[in-house]
Amino acid sequence: MAFQKSPGTQDILPGAVEKWQYAEQKARDICRRYNYREIRTPIFESTELFKRGVGETTDIVEKEMYTFTDRGNRSITLRPEGTAGVVRSYVENKLYGEPDVTKLYYVGPMFRYERQQAGRYRQFHQFGIEALGSVDPALDAEVIALGYTFYTEVGLKGVRVEINSVGTPAVRAVFRERLLAFLEPKRELLCKDCQSRIDRNPLRVLDCKVDQQHFTDAPSILDSLDEECSTHFDKVKTYLSDMGIPFEINHRLVRGLDYYTHTAFEYKAEGIGAIDTIGGGGRYNGLVAEIGGPDQPGVGLGLGLERTIMLLEHQATELPALNEVDVYLVALGEASEREVTKLVYQLRQRGIRAERDYLGRKMKAQMKSADRLQAKFTAILGDDELARGEIALKDMAKGEQRQVALGKLADEILGSSDS
Ligand code: HAM
């Protein structure tokens, strides 16, 4: 029996992987400009961390975690998201002791046992950032701007930013009562999920895709904000406007994780089946203390890389040439074969992306191979050239061919690519 990959996982093959590298490179480049530094935390953590961090009543913790008992009888969970692990590491390594705001980013796999659908995987990948140690709303705006910059710089069009304030736990407690008063009479009209959510997590009910028609008159959490929350939210909006980041306010936006306070936001775009959220995040001022650290605030985001790549494909975004070789060396005859083996090594030592034939093919087949690899140059070495210490270098775009001294081949190729 041949094996197949597990449901909800993907092989990212050459041809596709270059798009991933391109997006990841963009993420790293933007983080460098915004002064976020990479952190790599374990793929698995203790189950308790996610229960505490993400929240017991969230879908993630209730239904979606890959949890198992290891041989030492510990309950272990494959990380369903990145924030809890980063915050655990921040506390464990006492990064809060540093005088500056701690600005971190990560790129890597996350695991959720979710129902399969377009854009939803069981192993997926996030680019995420976390900024810890400041309550300044300018930091919320920076995080939102960074995510927006990522989408626009990879080349996506039509990405919308939606923001909301989910207040503080105290504000939410007041709003919860108002909301329950609104929802209770409608209980029977709502879907099964919402009926059970009303009791456990009524704010999430507003996020339901199927019941929206019942919520047109629902109270807005923005009307329940206290002064501190309103001021914070106003400043975030002002800073975003100053930066020219377009956004919409969505007072029903409630994220699927429990740790948010104040700002919550999502990036949305059409093109991935029923799914329109491609990234999200927010502020989490209680999380560090919740998992046993000092009372330090944080704000961050997580962007789904599968959804980014799917949208790049859906929008047929032109990406820079991702996989072309610089030069393809064609050997004709046994003596040239030996010379080409040395030459291709020397070119690679000089930083040139060089390839050659290993199948003993005739010239025509080798030239076809050069075409498939989109070689910028082909360099053809026959016995005559070899005897003269030269090689025929052909610029494939210009169609020009010239004889080049063997010892000058690398310089010629490098010189041409500079011009
Ligand atoms: P999240 O909204 O759960 O937030 O996930 C962020 C993004 O990860 C989603 O918008 C989506 O693009 C992607 N994603 C989530 N689940 C899947 C899936 N099953 N398949 C494919 N893509 C998926 C978080 O995870 C928070 N940790 C974000 C954050 C960081 N908040 C503060 N800091």
* Does Lys408 satisfy the criteria of being in the same structural domain as Ala335 (by TED's automatic domain parsing) and either surrounded by fewer than 12 Cβ atoms within 10 Å (Cβ to Cβ) or in contact (Cβ under 8 Å) with a residue 24 or more places away in the chain (or both)? -> no
* Since Ala16 meets every condition but one in (1) closer than 18 Å to Thr308 by Cβ; (2) touching a Phe, Trp or Tyr at 6+ places or on another chain (Cβ under 8 Å); (3) touching a residue at least 60 places away in the same chain (Cβ under 8 Å); (4) open to solvent by less than 50 Å² (accessible area, probe 1.4 Å), which condition does it not meet? -> (2)
* May I ask you to list the residues in the range 160-174 that are open to solvent by 20 Å² or more (accessible area, probe 1.4 Å) and either under 16 Å from Gly281 (Cβ atoms) or part of a helix (DSSP H, G or I) (or both)? => Arg160, Pro169, Ala170, Arg172, Ala173, Val174
* For the range 113-138, enumerate the residues that are touching a helix residue (DSSP H, G or I) at 6+ places or on another chain (Cβ under 8 Å) and over 20 Å from Gly300 (Cα atoms). => Tyr113, Glu114, Ala118, Gly119, Tyr121
* Structure fact -> The number of residues in the range 102-134 that are more than 9 Å from the ligand (Cβ to nearest atom), outside any strand (DSSP E or B) and buried (at least 16 other Cβ atoms within 10 Å of the Cβ) is 2
* Filter the range 260-298 down to the residues that are among the small types (Gly, Ala, Ser) and within 8 Å of the ligand (Cβ to nearest atom), then identify the one that is farthest from Thr102 (Cα to Cα). => Gly279
* Asked: Would the range 270-287 turn up any residue that is of a type outside the set (Lys, Arg), under 25 Å from Ser46 (Cβ atoms) and touching a helix residue (DSSP H, G or I) at 6+ places or on another chain (Cβ under 6 Å)?
  -> yes
* Please identify the pairs in which a residue from the range 348-365 that is free of Cβ contacts under 8 Å to residues at least 24 places away in the same chain has its Cβ atom under 6 Å from the Cβ atom of a residue that is not in a loop (DSSP other than H, G, I, E, B), counting only partners at least 6 apart or on another chain. => Arg348/Ala354
* Structure fact -> Residues of the range 237-295 being free of Cβ contacts under 8 Å to residues at least 40 places away in the same chain and under 22 Å from the mean Cα position of the chain (by Cα), in sequence order, are Asp276, Thr277, Gly280
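If I filter the range 53-88 down to residues being part of a strand (DSSP E or B) and among the polar types (S, T, N, Q), which single residue comes out as farthest from the ligand (Cβ to nearest atom)?
Ranking the qualifying residues of the range 53-88, first place goes to Thr69.
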* Odd one out for Arg40, checked against (1) under 19 Å from Ile129 (Cβ atoms); (2) open to solvent by 100 Å² or more (accessible area, probe 1.4 Å); (3) touching a helix residue (DSSP H, G or I) at 6+ places or on another chain (Cβ under 7 Å) -> (3)
* Selected residue [surrounded by fewer than 16 Cβ atoms within 10 Å (Cβ to Cβ), at pLDDT 95 or above and in a helix (DSSP H, G or I)] from Glu153, Glu184 -> Glu153
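The values are calculated or read from the model by the stated rules, or taken from the named source; none is laboratory data. Since the structure is predicted, the reported quantities are computational estimates derived from the model, not experimental observations. When we count neighbours, we look across all protein chains shown, and the Cβ atoms used for this are built from the backbone with ideal geometry, even at glycine. Ligands, DNA and RNA are stripped out before the accessible areas are found, and what is left, the full protein with its side chains, is counted by its heavy atoms. Shrake-Rupley method; radii C 1.70, N 1.55, O 1.52, S 1.80 Å.
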